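The structure appears right after this line, and notes come after that.
The values are calculated or read from the model by the stated rules, or taken from the named source; none is laboratory data. All values derive from a computational prediction rather than experimental measurement. FYI the Cβ positions are ideal-geometry reconstructions off the backbone, even for glycines, and counts take in every protein chain you see.
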Amino acid sequence: EKEPVKVLVTGAAGMLNLIFHLVFLGQIGYAIVPMIARGLMLGPDQPMILHLLDIEQAGEALDGVSMELIDSAFPLLKGVVHTTDVVEACKDVNIAIMVGGIPRKEGMERNTMLSKNVSIYKAQASALEQHAAADCKVLVVANPANTNALILKEFAPSIPVQNITCLTRLDHNRALSQIAEKIPNNVHVSDVKNVIIWGNHSSTQYPDLNHATATTISGVKPVRELVDSHWSKTEFITTVQQRGAAIIKARKASSALSAASAACDHIRDWVLGTPKGTWVSMGVYSDGSYGIPSGLMYSFPVTCEKGIWSIVQGLKIDEFSRAKMDATAKELIEEKAVAHSCLD
Ligand code: NAX
């Protein structure tokens, strides 16, 4: 049997929802832990020990989650460490899923939300740097995801930059499913691949279907030939960009099970590799590819092999895409400046 992998999940209790008496409604942490324990993230033969972290006020709720995990008798789950101490939580972890944060409430300025979260990520960067396993892979889910990941990178200089990423896989999966819904004749979401989410996990993200393909009854076709080009430049983009808001409106709570599922997809592909001929979107540290300034955490198309991601190179970028890719980069540059100004 393989050695257990230690997986940290921050924000695992769901404190804020408890305050609003919506117990465990809309919780990414609560949704993701059973997925991980069932082997959906690391594969059916990989045992794990879960480390759950939340803030002190959520300590009791965290006890409850831990009890439920024990009660589920998951064969792969070899232990649960639940704590409100960040040092204990980070100890020797191989994978860190950073969901913990302060969400933006109605009426809260985006910059207020940003400043509260970047200080959390500055503190947690040091804990991870000092206590996590040397090979720890980090996925930041909490918003502003790209900028939180950038701050984590800057305040944990000894963690290799390869090992710090942020989640845009939910947007990627939303783009795949919008395309599958649009193509007639029963094209299933699993028949569509190679969409791209460029840039920030925010409403300026650019969902791009120019390089996507779909397997249809008459073979593999470029998605561009199967959908109306007006739709791909308008409604497709706005639907994906605004899907999170649509979920909040319908569910009165933000995306949780789809976000948890996307985070599992992200880690699984990163660790176990992307299927041949398929790429996925991940927020990673820009190396200047596609003219995106380095020093930003930007979502790119990537392939993964043996635990290493690489940005897909050589895709042709038209003028329409260029403008959208630059606009979302510009927003990230602005967020970075705001983050730095509130940490000074
Ligand atoms: P909740 O507010 O339900 O849960 C957040 C949890 O984090 C709470 O339990 C809270 O007590 C905890 N927390 C706060 N400060 C902490 C700290 N310093 N250390 C550890 N835990 C801390 O939010 P939820 O719906 O689960 O969403 C979590 C985050 O994911 C939010 O920032 C949200 O905006 C973000 N999202 C990101 C997505 C993405 O695709 N990247 C999509 C879904 C989601 O919107």
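Summary table
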{"read-out": "Single residue of the range 162-180 satisfying the filter (more than 9 Å from the ligand (Cβ to nearest atom) and of a type in the set (A, V, I, L, M, F, W, C)) that is farthest from ASN146 (Cα to Cα)", "value": "ALA180"}
{"read-out": "Flag for TRP270 being in a helix (DSSP H, G or I), of a type outside the set (Gly, Ala, Ser), surrounded by 14 or more Cβ atoms within 10 Å (Cβ to Cβ) and out of contact with any strand residue (DSSP E or B) (no Cβ under 8 Å at 6 or more places or on another chain)", "value": "no"}
{"read-out": "Residues of the range 110-125 classified as buried (at least 24 other Cβ atoms within 10 Å of the Cβ) and of a type outside the set (Phe, Trp, Tyr), total", "value": "3"}
{"read-out": "Single unsatisfied condition, ARG251 versus (1) of a type outside the set (A, V, I, L, M); (2) surrounded by 12 or more Cβ atoms within 10 Å (Cβ to Cβ); (3) closer than 20 Å to TRP198 by Cα", "value": "(3)"}
{"read-out": "Filter result (part of a helix (DSSP H, G or I) and under 30 Å from GLY43 (Cα atoms)) within the range 228-263", "value": "VAL240, ARG243, GLY244, ILE247, LEU257, SER258, ALA259, ALA260, SER261, ALA262, ALA263"}
{"read-out": "Members of the range 95-126 found to be over 20 Å from GLN57 (Cα atoms), part of a helix (DSSP H, G or I) and without any contact (Cβ under 8 Å) to a residue 60 or more places away in the chain, listed by number", "value": "ARG110, THR112, ALA125, SER126"}
{"read-out": "Count - residues of the range 74-94 that are crowded, with 23+ Cβ neighbours inside 10 Å and either more than 16 Å from the ligand (Cβ to nearest atom) or assigned to a loop (DSSP other than H, G, I, E, B) (or both)", "value": "1"}
{"read-out": "Answer residue from the range 246-278, given it is more than 10 Å from the ligand (Cβ to nearest atom) and small (Gly, Ala, Ser) and is farthest from PHE300 (Cα to Cα) among those", "value": "ALA250"}
{"read-out": "The range 154-194, residues that are on the phi > 0 side of the Ramachandran plot and at pLDDT 95 or above", "value": "ASN194"}
{"read-out": "Residue check for LEU128: surrounded by 23 or more Cβ atoms within 10 Å (Cβ to Cβ), more than 8 Å from the ligand (Cβ to nearest atom) and either more than 20 Å from HIS340 (Cα to Cα) or not β-branched (Val, Ile, Thr) (or both)", "value": "yes"}
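So that you can scan it fast, the table gives a plain yes or no per residue for (1) touching a strand residue (DSSP E or B) at 6+ places or on another chain (Cβ under 6 Å); (2) in contact (Cβ under 8 Å) with a residue 40 or more places away in the chain:
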{"site": "GLY199", "(1), (2)": "yes, yes"}
{"site": "THR213", "(1), (2)": "yes, no"}
{"site": "VAL220", "(1), (2)": "yes, no"}
{"site": "SER255", "(1), (2)": "no, yes"}
